[in-house]
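Heads up, the thing below is written out as structure tokens.
The values are calculated or read from the model by the stated rules, or taken from the named source; none is laboratory data. Since the structure is predicted, the reported quantities are computational estimates derived from the model, not experimental observations. Here the Cβ is made from the backbone with ideal geometry for all residues, glycine too, and neighbour counts use every protein chain on show. Please note that ligands, DNA and RNA were not included when accessible areas were found on the heavy atoms of the full protein model with its side chains. Shrake-Rupley method; radii C 1.70, N 1.55, O 1.52, S 1.80 Å.
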Amino acid sequence: MTNPPRPNLRPNRPQRSQSSRRPNNQANRDLSPKPYHLIPFPEEAPLLNSPAGQHKYLSDRLHGTLLLTLTVGTTLHVSTGITVMGSDLDRRPPLIKAMVQSRDQHLMIQGSSLKGCVRAIYETITNSTLAVVTPKYRSRVPKNRLPCQDKNQLCPASQVFGALDWQGLVKFEDAKCENTEFGIGFMPSLYRPRPDEHDAYFQDGKVAGRKFYYHAIQAIDRGQNQGIPVQQAGTNYIFRTKINFKNLAMAQLGALLVILGQDSNYPIALKVGAGKPIGMGTMTVTVEALNRISGQELRDRYRAYTVANDTTLTGQPLQTFMDQAIQTAHRELIQAPQLQQLAEVLRFPTDRTAPQGMY
């Protein structure tokens, strides 16, 4: 007796077109240059020191808050990892990858996303170790670039941003968009990095440096028929946030200001969120004010019901203070070769265009 044919219980899947398949090694070599650059590590090993500590506000250190405005230069999407129904956002695509929103429906960027973005640059220009290393490639990372393990012997970046058993000296608050509007974009499929397929990632068998994506004039949008729907902030959207800091040396704060684009010689913009290979995520930073507080003023606040003096710097006094901090950072902390190379990658505005090919 002939058995009846078994039903096909697997859903039909659309065939991937040749243009959407990931190219092999030879095809990769034939494509236009990738939109990123590897910044090499300094030749000298990182200088490890004990951090300033958090047990008290030190009189010879800086404490306070930076008030920042972040302006979107190219469309921005910081994913929540959640896909929602389009009807939940009053939009037409049936499924949309969502961004974080506040209770009053304003788009937000998590403070952890901003901190990770800024830390990566800080590590690069201050001769620091890597914060995180994938176990698969740990043996290929130079030993003096592995993450710090001793909280009493930390590299420059770990002293400021934290390490194992050390919380760090800066806190990034979530950035909130000024209005409740948002757009829907359509990202092409992006593939995870595959260092083993690209010789440029390694030199003499070791990781060649830190990877940064170039900015572009505008981001690529594949359209509804070829892209993945994502909730996004459009160009010129404004986000506001704060960075709280304590026990920072002048050079440490100066290096942070350079990364935030406050050095006129190095007009750096940040790369935040998803879609970096296709030009997404460019954000420029304006420091609106600096609320600087001394240790004595902090003690006085616990002894009185009112604040005696307004310690907020704006306008020219703020610019003068930032210039002093930046100059100190260049003298004492920043690695000039790495900063110069990085500035060419993160310089904005730019005349570069995002690649139209495979990613």
| request: Mind counting the residues in segment 182-204 that are in a loop (DSSP other than H, G, I, E, B) and within 23 Å of the chain's Cα centre (by Cα)? | output: 8
| message | Looking at segment 165-179, I want the residues that are over 22 Å from S50 (Cα atoms) and have a partner that is crowded, with 16+ Cβ neighbours inside 10 Å and of a type in the set (G, A, S) with Cβ atoms under 8 Å, at least 6 apart or on another chain. Which pairs are those? | response | F172/G111; E173/G111; D174/G111; A175/G111; C177/A233
| task | Of the numbered conditions (1) crowded, with 20+ Cβ neighbours inside 10 Å; (2) over 17 Å from the mean Cα position of the chain (by Cα), P94 fails exactly one; give the number of that condition. | result | (1)
| said: Restricting to segment 91-129, name every residue that is of a type in the set (D, E, K, R) and farther than 19 Å from C177 by Cα. | reply: R91, R92, R119, E123
| query | When the residues of segment 131-157 are filtered to those that are open to solvent by less than 30 Å² (accessible area, probe 1.4 Å) and free of Cβ contacts under 8 Å to residues at least 60 places away in the same chain, which remaining residue is farthest from the chain's Cα centre (by Cα)? | reply | P147
| query | Quick check: is even one residue across segment 116-129 within 24 Å of E173 (Cβ to Cβ), within 16 Å of the chain's Cα centre (by Cα) and basic (K, R)? | reply | yes
| task | Out of G86, G111, report the one residue that is of a type in the set (G, A, S), touching a strand residue (DSSP E or B) at 6+ places or on another chain (Cβ under 7 Å) and modelled with pLDDT of 95 or more. | result | G111
| Tell me, which residue of segment 121-135 that is part of a helix (DSSP H, G or I) and in contact with a helix residue (DSSP H, G or I) (Cβ under 9 Å, 6 or more places away or on another chain) is farthest from F186 (Cα to Cα)? | I125
| query | Filter segment 41-80 for residues that are of a type in the set (S, T, Y) and open to solvent by 20 Å² or more (accessible area, probe 1.4 Å); which is nearest to L318 (Cα to Cα)? | reply | T65
| remark: Per the filter on segment 277-290, residues outside any loop (DSSP other than H, G, I, E, B) and either acidic (D, E) or modelled with pLDDT of 95 or more (or both) are T282, M283, T284, V285, T286, V287, E288, A289, L290
| remark: Considering segment 292-328, residues that are modelled with pLDDT of 95 or more, outside any loop (DSSP other than H, G, I, E, B) and of a type in the set (S, T, N, Q), and then whichever is most open to solvent (accessible area, probe 1.4 Å), we arrive at Q316
| task | Check segment 259-267 and report whether any residue there is open to solvent by 30 Å² or more (accessible area, probe 1.4 Å), touching a strand residue (DSSP E or B) at 6+ places or on another chain (Cβ under 8 Å) and assigned to a helix (DSSP H, G or I). | result | no
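Conditions (1) touching a Leu at 6+ places or on another chain (Cβ under 9 Å); (2) buried (at least 19 other Cβ atoms within 10 Å of the Cβ), marked per residue:
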| site | (1), (2) |
| --- | --- |
| A200 | yes, no |
| K206 | no, no |
| Q218 | no, no |
| D221 | no, yes |
| Q231 | yes, yes |
| T241 | yes, yes |
| A249 | yes, yes |
| Hits in segment 164-181 - residues which are in a strand (DSSP E or B) and open to solvent by 30 Å² or more (accessible area, probe 1.4 Å) | W166, K171, K176
| field | Qualifying residue in segment 106-120 (condition: without any contact (Cβ under 8 Å) to a residue 40 or more places away in the chain, crowded, with 22+ Cβ neighbours inside 10 Å and either part of a helix (DSSP H, G or I) or of a type in the set (D, E, K, R) (or both)) | value | no
